[in-house]
1. Mean-square fluctuation check for the chain, GNM, Cα pairs under 10 Å: which of 222, 97, 37 is largest?
2. For region 101-187, taking Cα atoms only, what is the radius of gyration to one decimal and the Dmax to the nearest whole Å?
3. When the chain is modelled as a GNM with alpha-carbon springs shorter than 10 Å, which of 383, 350, 31 fluctuates the most?
4. Accessible surface of residue 29 in the full protein assembly, 1.4 angstrom probe, to the nearest 10 Å²?
5. What residues qualify as long-range amide H neighbours of residue 363, i.e. H under 5 Å apart, gap of 5 or more or another chain, H built at 1.01 Å from N?
6. Residues in region 261-289, backbone N under 15 Å from the label point at residue 208 (7 Å along the Cα-to-beta-carbon vector): list them, ranges by number please.
7. Might you tell me the accessible area per residue for the chain, computed with a 1.4 Å probe and given in Å²?
8. Given the options 12, 355, 218, state which has the largest fluctuation in a GNM of the chain using a 10 Å cut-off (strictly under) for Cα springs.
Amino acid sequence: MIGFGWLALRQAQEALKTGRLDEAQRLLSQPVVQGQKKSWELQQQLARAYAERGERALRQDDPVAAWNDLLHAERTGITEQAAVRLRQALTRLGVAKVRALLEAGEPVRAVEAVAQLKDGAVRLSELEPLEEAAKDWVLARDLADRGEFAQALQTLERARRLLVGPSAALGRFHNALEERKRAFAALLVGLHEAAAQERWQTVLELSEKVLALAPQHAEARKVRNRAWKAIEPATVVSAPVVREPARPEPAAAPPARFVLWIDGVGGYLVCLNNRVTLGQATPDGTVDLPLFADVSRLHATLTRDAEGYLLEGLRPVQVNGQEVAKALLRSGDRVTLGTCCQFQFRQPVPVSASARLDLVSGHRLRTPVDAVLLMADTLVLGPGSQVHVAMPDLKQPLVLFRQKNGLGVRYAGNLFVNGQACRERGTLEPGAAVTGDDFSLTLEAVGRR
């Protein structure tokens with residue numbers, strides 16, 4: 001065993017000389033070298049090398065690599081002054097980043113930055129109020145999106161008290177909330193009156209305005225769904241089914257896009273392709289997401305790959321207020337096309353690559369839906385927050401999934417597809433109707449117009 005320990009130490013020393021620090025750390029962590037006379041000296045050298053490499057990474061504006069090297073240095077158990085200095089520098093940089101994100105009006109990213117600092121074992125008293133302020137800001141935004149403006153303003157006031165000194169971004173958001181609250185209250189009264197009198201066209205117009213101010217307002221969504229059903233909007237069209245008698249297709253493949261109508265919940269445009277295009281709704285347009293907005297005919301593309309969702313702008317595009325040519329989106333990002341057409345990108349289900357786009361600027365697609373679902377392998381519908389479509393009445397999740405040559409549905413309760421009972425799962429074709437004890441939904445293919 002002594003011979004093996006000596007060999008491991010020689011190999012670790014050589015790895016250190018050539019900068020192969022991970023290999024050196026692996027060799028020095030072997031039981032055969034523990035207690036060896038030279039092991040302590042090599043551990044010191046390793047800690048110093050990691051810290052110095054981390055300092056170089058920080059000078060090259062790569063704090064992620066710097067943090068990684070710092071944590072490796074600290075895992076050696078050696079108190080190295082270079083590592084102490086690196087931790088202090090990274091902590092200062094991290095706290096400054098959190099403050100800058102809050103001042104830029106990006107509380108979601110500020111919460112993420114605080115989490116990264118905590119992952120690095122940073123424990124600072126000044127960090128706690130920043131984290132609470134960021135979380136309150138995010139909560140206020142969510143409350144406002146649900147139309148709960150009074151609670152949103154109270155929560156925002158708590159965030160203001162937690163921040164040291166005035167925040168211009170927070171002040172602008174507060175003023176915008178006040179304006180939204182006043183406009184929302186007046187519109188909601190008119191919406192109630194129109195719904196009571198069954199003036200459905202007026203209901204559609206007012207509900208769109210209400211949802212422009214509070215995109216997640218449940219009551220406005222429900223009454224809008226009633227109006228859609230009452231007047232059957234002509235903007236929803238079924239793609240013609242073309243059959244060739246000489247060559248019948250063996251199975252009905254899913255269309256590239258379809259609308260998922262869920263009774264009592266809403267309508268959702270589902271896109272199955274890995275690449276979708278966004279642009280202006282025109283009579284001869286061919287984009288996947290045609291928008292009634294001041295954007296170009298082909299404004300941007302969104303591509304799903306192994307890295308995630310890549311947004312590429314052919315015309316001006318902003319992500320969280322910053323103009324970009326291309327960007328890898330993160331859940332919670334707000335994307336602006338042109339000057340004011342804005343949507344929020346979310347991936348609410350950690351185990352699914354599918355994403356959801358919510359229009360938050362009051363604009364709408366040609367097909368009037370609540371959101372766009374970019375379907376990878378699965379779509380999760382059900383109770384809770386980690387779902388692509390919230391269906392609070394369901395006792396357990398319902399999952400739409402891809403299968404060979406089509407789509408399927410999985411549900412542990414009573415399940416019927418086109419009136420036929422299915423045991424836990426069934427196959428879906430274009431136009432399929434799916435029902436259960438607590439839900440009813442249909443799939444409707446849409447064509448480009």
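The values are calculated or read from the model by the stated rules, or taken from the named source; none is laboratory data. Only a predicted model underlies this, so the values are computations on that prediction, with no experimental measurement involved. Positions of Cβ are backbone-derived with ideal geometry, glycine not excepted, and every protein chain shown enters the neighbour counts. Note: areas computed on protein heavy atoms with side chains; ligands, DNA, RNA excluded. Shrake-Rupley method; radii C 1.70, N 1.55, O 1.52, S 1.80 Å.
1. 37
2. 13.8, 49
3. 31
4. 80
5. Distant-sequence amide H within range of residue 363: 342.
6. 281-282
7. Using a 1.4 Å probe on heavy atoms only, each residue of the chain averages 51 Å².
8. Between 12, 355, 218, it is 12 that shows the largest mean-square fluctuation.
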